[in-house]
Amino acid sequence: ALERTLSIIKPDAVAKNVIGEIYTRFEKAGLKVVASKMKQLSKAEAEGFYAVHRERPFFNALVEFMISGPVMIQVLEGEGAVLKNRDLMGATNPKEAAAGTIRADFADSIDANAVHGSDSLENAAVEIAYFFPATDVYAR
Ligand code: CMP
């Protein structure tokens, strides 16, 4: 089915100047960018976005990392977009990410892991709404 998912290029990958290389991977896989913005997240924004992880031991490090520089946030649209984006990203821990995935090629650690992608269609809707009003998402 045609789906939308939320993708974030994290501060490490923005600093490495690989936004374009990552967008090319989305496009070559048939995913369309239907919304996008660069943004310096506030601490409150990062904490709210990752609220489901609030009790996890890595929460504070995750929030500090996500506000360490600007991120590139996009909505991707395409057939099976949620799973397709997760396949492109590879495993959360780059040491376990399959060759040729975004994390295998651009991530340095489980914290600085280059990209975030929604893990389910339900969470995708919540995450998209967190960053983009419906009028800023362009079906095409
Ligand atoms: P992300 O997909 O953005 O969702 C939560 C993030 O927490 C995850 O990617 C990792 O960058 C980070 N993280 C750090 N340690 C862990 C861990 N042990 N398990 C899962 N995620 C972790």
In region 97-127, anything open to solvent by 20 Å² or more (accessible area, probe 1.4 Å) and more than 19 Å from Ala15 (Cα to Cα) is listed as Ala98, Ala99, Gly100, Asp119, Ser120, Leu121, Glu122, Asn123, Ala125, Val126, Glu127
Would you point out the residue of region 104-138, among those that are of a type in the set (S, T, N, Q) and under 12 Å from the mean Cα position of the chain (by Cα), that is farthest from Val34 (Cα to Cα)? Asn113
May I ask you to list the residues in region 128-140 that are assigned to a helix (DSSP H, G or I) and of a type in the set (D, E, K, R)? Asp136
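A quick yes/no check of all residues on (1) open to solvent by 30 Å² or more (accessible area, probe 1.4 Å); (2) among the hydroxyl-bearing types (Ser, Thr, Tyr); (3) over 25 Å from Ala134 (Cβ atoms):
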position	(1), (2), (3)
Arg4	yes, no, no
Ala13	no, no, yes
Leu41	no, no, no
Leu62	no, no, yes
Glu77	no, no, no
Thr92	yes, yes, yes
Lys95	yes, no, yes
Counting residues that are more than 14 Å from the ligand (Cβ to nearest atom) and in contact (Cβ under 8 Å) with a residue 12 or more places away in the chain, which strands (runs of 3 or more DSSP E) fully inside region 9-127 reach at least 2? 32-39, 71-79
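The values are calculated or read from the model by the stated rules, or taken from the named source; none is laboratory data. All of these numbers come straight from a predicted model, not from anything done at the bench. Neighbour counts are summed over all protein chains in view; Cβ atoms, including those assigned to glycine, are modelled from backbone coordinates with ideal geometry. Ligands, DNA and RNA are stripped out before the accessible areas are found, and what is left, the full protein with its side chains, is counted by its heavy atoms. Shrake-Rupley method; radii C 1.70, N 1.55, O 1.52, S 1.80 Å.
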